[in-house]
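Engineer: My questions all concern the structure below.
The values are calculated or read from the model by the stated rules, or taken from the named source; none is laboratory data. What you see is a predicted model; the values in this text were computed from it and never measured. Heads up, the Cβs are rebuilt from the backbone with ideal geometry, glycines too, and the neighbour counts pull from every protein chain shown.
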Amino acid sequence: MEVGIVGYGVYIPRYRLKVEEAARMWGMDAERVKRGLLVEEKSVPGPDEDTATIAVEAARNAVRKAGINPQDIGAIYVGSESHPYAVKPTASIVAEAIMATPDLTAADYEFACKAGTAGIQTCMGMAEAGMIKYGMAIGSDTAQGAPGDPLEYTAAAGGGAFIVGKNGSDTLAAIEGTYSYTTDTPDFWRREMRPYPRHGGRFTGKPAYFKHVLSAAYGLLRQLKLTPQDFAYAVFHQPNGKFPLQAAAELGFKKEQVLPGLLVIKIGNTYSGATMIGLAAILDQAKAGDRILAVSYGSGAGSDAFSLVVRDAIEAKRDASPKVLDYVNNKVNIDYGTYAKFRQLLVR
Amino acid sequence: MRKVAIIGVSCTKFGELWDISFRQMIVEAGARAIEDAGIDGKQIDAMYVGNMSAGQFISQEHISSLIADHAGLVPIPCTRVEAACASGGLALRQGVIAVASGIHDIVVVGGIEKMTDIMTEQTTEALATAADQEWEAFVGATFPGLYAMMARRHMYEYGTTEEQMAMAAVKNHHNACFNPCAQYQMEITVDDVLKSAPVDSPLKLLDCSPITDGAACLILAPAEKAKQYTDTPILVAGTGQASDTLCLHDRSTLTGLRGTVDASRIAYKMAGVGPRDIGFAEVHDCFTIAEIMAIEDLGFCNKGEGGKATEEGETAIGGRIPINTSGGLKGKGHPVGATGIAQAVELVLQLRGEAGKRQVGGTEIGLCHNVGGSGGTVVVHVLKRGD
Amino acid sequence: MKCGFCNKVFFPPRFSCPVCRRKGTLEPYKLNGRGKIVTFAITHVAPNGFEDQVPYAIAIIELEEGPRLTAQVTDCDPNQVKIGDEVEMIFRRIGQEGSDGPIYYGYKARLISPYTLRANVK
């Protein structure tokens with residue numbers, strides 16, 4: 001594998017809905033919910049934000065860290081479950097907004113929460129084949145949980161963008177390998193024209209999340225002949241705080257390896273952005289030589305696993321745009337009424 | 001170039017005229033002006049009418065034909081003039097130019113707007129089309145918002161206060177009590193203004209002129225022939241017009257209207273007078289801050305002192321320079337296209353000594369000031385008693 | 001656009017320099033997106049499409065390179081906005097043409113926060 005990450009960026013909206021607020025609304029025990037999900041609050045997009053605006057800010061931050069001319073980006077893929085249009089790509093809006101048009105290819109991806117990482121794999125192939133100089137993959141979502149449904153505590157908003165190119169002096173993390181595991185498993189879905197997704201309750205655990213995350217991780221470790229001890233960090237898709245910690249433990253990773261990438265506690269599940277934002281948070285603090293395991297999960301179902309090794313170039317590039325924690329910490333708590341207004345749960 | 005005089009005036013009642021249509025207002029205003037001038041309809045050579053937005057308010061364009069038709073004046077030439085809220089003043093100027101040039105003798109100049117046949121939200125949207133649609137309205141700027149931004153900057157640079165702005169509204173409501181045509185005949189207090197609902201902070205509801213129906217009309221004639229029709233011809237001694245950038249953010253200043261300075265200079269020069277010679281004026285107070293900036297830009301007080309001048313009563317009916325004796329746009333009402341004409345009507349009534357309880361004494365020269373949008377067009381006229 | 005003759009920068013793009021007229025040639029010029037609030041108002045009675053955001057601050061912003069523009073100041077309590085505040089221009093949803101028409105995207109301003117200052121904006 002001769003490709004790596006040249007730049008990365010994220011964006012997380014400012015507003016937060018605490019578990020306490022939603023629990024208060026539906027008469028549930030906030031402490032019980034927090035313990036069960038290992039989530040404290042989630043990010044909420046403002047009334048003038050959507051998947052496209054989030055993707056654009058993440059993309060602009062990635063271009064700044066990469067220090068490249070956006071015209072050199074040959075492909076842009078945006079993965080999401082909440083594209084602003086049912087038909088009309090978000091990727092072209094991003095391409096125009098970052099001045100990458102017109103000589104590039106673009107498309108939108110959908111695969112629940114792993115649509116963004118699927119885009120990374122596509123860009124890897126295109127860059128390695130010499131088809132493009134740089135490719136950008138974005139995972140961005142403004143997830144919606146039905147009022148009163150447990151998903152309401154975690155369905156959040158955010159996005160991560162990664163620019164992939166052939167390894168060179170500007171590579172900040174080389175991708176050693178990638179391995180994916182895909183089956184048709186209906187654990188979580190949303191039908192056309194329906195506002196909210198449905199899920200299979202306990203079925204979303206062992207037969208869905210864990211089966212695919214673990215299989216992809218084992219598959220990659222086998223392929224690269226690596227063990228958890230070879231890694232400094234591991235980041236997993238994070239629908240709540242418990243699943244990734246459980247997966248990590250089962251694979252043999254220590255808690256300390258996982259915590260830096262575990263953002264869900266503070267921002268909720270950013271769906272297509274989740275694994276990518278987690279990976280970005282790790283890159284914000286990793287040192288040259290650190291190896292990182294990243295495993296996404298998308299319901300339906302599939303997992304993409306990546307092994308990355310950080311390079312020296314990261315030191316110079318890291319501060320060129322805001323870090324994940326900058327966005328996590330720049331927050332404003334809102335009440336449920338404001339949340340309902342922002343999410344258009346209340347119709348005038 | 002001939003001198004031009006005003007030989008007849010009229011003004012309908014301004015207000016929410018639910019029972020009176022656009023077409024009725026034309027006839028009412030036109031008939032009374034012709035009567036006032038003592039002329040016969042057949043003597044009219046041409047018409048100029050100011051109207052901002054019949055298309056948006058009553059879904060009717062081509063009102064030049066409509067007006068000529070319903071005024072019974074077909075086939076004379078009738079021209080509709082538009083410059084947002086300066087449509088009336090601009091129509092007057094066009095009429096003046098026509099008579100001055102010798103092309104026409106007796107010219108009717110009118111202004112008319114019927115704004116209450118649609119919902120308030122739609123009216124507000126229609127008025128907002130006076131701003132730049134792509135770079136101001138599109139990004140969420142409202143028309144009061146633009147003036148509110150000027151107000152805030154004026155407060156920041158000169159220390160003008162919300163109380164001082166409120167005093168302009170109080171004065172204008174007071175004056176309107178003596179104007180039977182005015183929309184409002186009620187006194188208000190500074191406290192009323194300050195407590196009224198915020199619209200675009202720092203402007204509140206009572207800082208803003210209302211939505212109004214109304215029409216006004218003037219009859220122009222060459223000055224040399226005016227005495228044939230009236231013992232009290234009023235001379236249009238000066239006319240001035242200026243354009244400025246459409247967007248507020250492109251202006252050279254945010255605390256005044258350069259258009260006012262430019263247009264008034266031209267009018268002053270033509271009339272051979274300066275600000276000190278003006279006895280009283282009707283200025284464009286679409287918002288209270290607009291009056292404060294206007295008296296500064298017209299040269300009636302120093303830049304930045306408009307608030308103080310208002311506070312100290314200099315612009316009241318008995319003051320040094322009475323402003324908006326008619327009640328202004330705030331008290332009299334603001335049927336957009338009619339305002340510029342109605343301002344001139346007030347000047348004529350004052351100069352003739354027919355202003356009743358709001359009469360200003362001992363003056364021969366008045367000025368009217370009409371602004372389009374946030375200042376993209378300004379028209380100024382200086383009127384003098386013709387002896 | 002920037003005029004090659006007098007170096008004045010214009011936004012939105014113009015095709016003839018109003019200062020130099022024919023002497024100047026205008027070239028595309030990328031603005032860095034930073035500016036200061038020159039004046040603002042807090043809108044309580046919103047136009048169509050902005051009702052859910054009331055009250056919001058609408059401001060005239062002077063960009064670092066010179067041109068001024070009008071924009072909403074988003075993601076803040078409008079009562080915290082002051083003349084002189086530094087802002088960055090960001091990409092946000094402005095409105096839409098009904099529920100089945102196109103979505104309008106454009107620029108809004110956001111107050112600079114401590115973390116924004118750390119980023120080296122080129």
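Engineer: On the given criteria, is B:Gly110 in a strand (DSSP E or B) and either within 14 Å of chain C (Cβ to nearest Cβ) or in contact (Cβ under 8 Å) with a residue 40 or more places away in the chain (or both)?
Structural biologist: Here the answer is yes, as B:Gly110 does meet what is asked.
Engineer: From C:Glu97, C:Glu65, C:Glu51, which residue is closer than 25 Å to A:Arg64 by Cα and surrounded by fewer than 20 Cβ atoms within 10 Å (Cβ to Cβ)?
Structural biologist: Only one candidate qualifies: C:Glu65.
Engineer: Now for a different question. Please verify whether segment C:7-20 includes one or more residues that are within 21 Å of B:Thr124 (Cβ to Cβ) and within 13 Å of chain B (Cβ to nearest Cβ).
Structural biologist: no
Engineer: In addition: Cβ-Cβ below 8 Å, separation at least six or inter-chain, first residue in segment B:118-138 and within 11 Å of chain C (Cβ to nearest Cβ), second among the β-branched types (Val, Ile, Thr) and part of a helix (DSSP H, G or I): which pairs?
Structural biologist: As it stands, the answer is B:Leu127/B:Val336, since those pairs meet every condition given.
Engineer: Shifting gears a bit: Cβ contacts < 6 Å: first residue more than 7 Å from chain B (Cβ to nearest Cβ), restricted to segment C:38-62; second residue at pLDDT below 95 and part of a strand (DSSP E or B), any location; separation 6+ or different chain. Result?
Structural biologist: Final answer for the pair search is C:Gly49/C:Gly95.
Engineer: A:Thr122 fails exactly one of the following numbered conditions: (1) in contact (Cβ under 8 Å) with a residue 40 or more places away in the chain; (2) in contact with a helix residue (DSSP H, G or I) (Cβ under 8 Å, 6 or more places away or on another chain); (3) over 26 Å from A:Met28 (Cβ atoms). What is the number of that condition?
Structural biologist: (2)
Engineer: Exactly one of these conditions fails for B:Gln183: (1) touching a helix residue (DSSP H, G or I) at 6+ places or on another chain (Cβ under 7 Å); (2) assigned to a helix (DSSP H, G or I); (3) more than 9 Å from chain C (Cβ to nearest Cβ). Give me its number.
Structural biologist: (2)
Engineer: Name every residue in segment B:345-366 that is of a type outside the set (Lys, Arg) and over 23 Å from B:Met186 (Cα atoms), in order of residue number.
Structural biologist: B:Val348, B:Leu351, B:Gly353, B:Gly361, B:Gly362, B:Thr363, B:Glu364, B:Ile365, B:Gly366
Engineer: How many residues does segment C:69-94 contain that are facing chain B (nearest Cβ under 8 Å) and surrounded by fewer than 18 Cβ atoms within 10 Å (Cβ to Cβ)?
Structural biologist: Residues meeting the conditions: 1.
Engineer: May I ask you to say which residue of A:Leu308, A:Leu263 is buried (at least 19 other Cβ atoms within 10 Å of the Cβ) and in contact with a Lys or Arg (Cβ under 8 Å, 6 or more places away or on another chain)?
Structural biologist: So the residue among A:Leu308, A:Leu263 that is buried (at least 19 other Cβ atoms within 10 Å of the Cβ) and in contact with a Lys or Arg (Cβ under 8 Å, 6 or more places away or on another chain) is A:Leu308.
Engineer: Could you go through segment C:101-109 and let me know if any residue there is within 9 Å of chain A (Cβ to nearest Cβ), at pLDDT 95 or above, under 23 Å from A:Val328 (Cβ atoms) and assigned to a strand (DSSP E or B).
Structural biologist: yes
Engineer: Taking the residues in segment A:20-66 that are over 30 Å from C:Met89 (Cβ atoms) and buried (at least 23 other Cβ atoms within 10 Å of the Cβ) as candidates, determine which candidate is nearest to the other protein chains (Cβ to nearest Cβ).
Structural biologist: A:Ala22
Engineer: Still on this structure: Considering only residues that are within 17 Å of A:Glu49 (Cα to Cα) and more than 12 Å from every other protein chain (Cβ to nearest Cβ), which ones fall in segment A:305-332?
Structural biologist: none
Engineer: Being touching a helix residue (DSSP H, G or I) at 6+ places or on another chain (Cβ under 9 Å), surrounded by fewer than 24 Cβ atoms within 10 Å (Cβ to Cβ) and not basic (Lys, Arg) narrows it down to one residue among B:Gly279, B:Gly306; which is it?
Structural biologist: Only one candidate passes the filter, namely B:Gly279.
Engineer: Another question, if that's okay. Inside segment B:52-98, can you point out the residues that are touching a residue at least 12 places away in the same chain (Cβ under 8 Å), assigned to a helix (DSSP H, G or I) and either in contact with an Asp or Glu (Cβ under 7 Å, 6 or more places away or on another chain) or outside the structural domain of B:Val9 (by TED's automatic domain parsing) (or both)?
Structural biologist: Of everything in segment B:52-98, those that are touching a residue at least 12 places away in the same chain (Cβ under 8 Å), assigned to a helix (DSSP H, G or I) and either in contact with an Asp or Glu (Cβ under 7 Å, 6 or more places away or on another chain) or outside the structural domain of B:Val9 (by TED's automatic domain parsing) (or both) turn out to be B:Ala54, B:Phe57.
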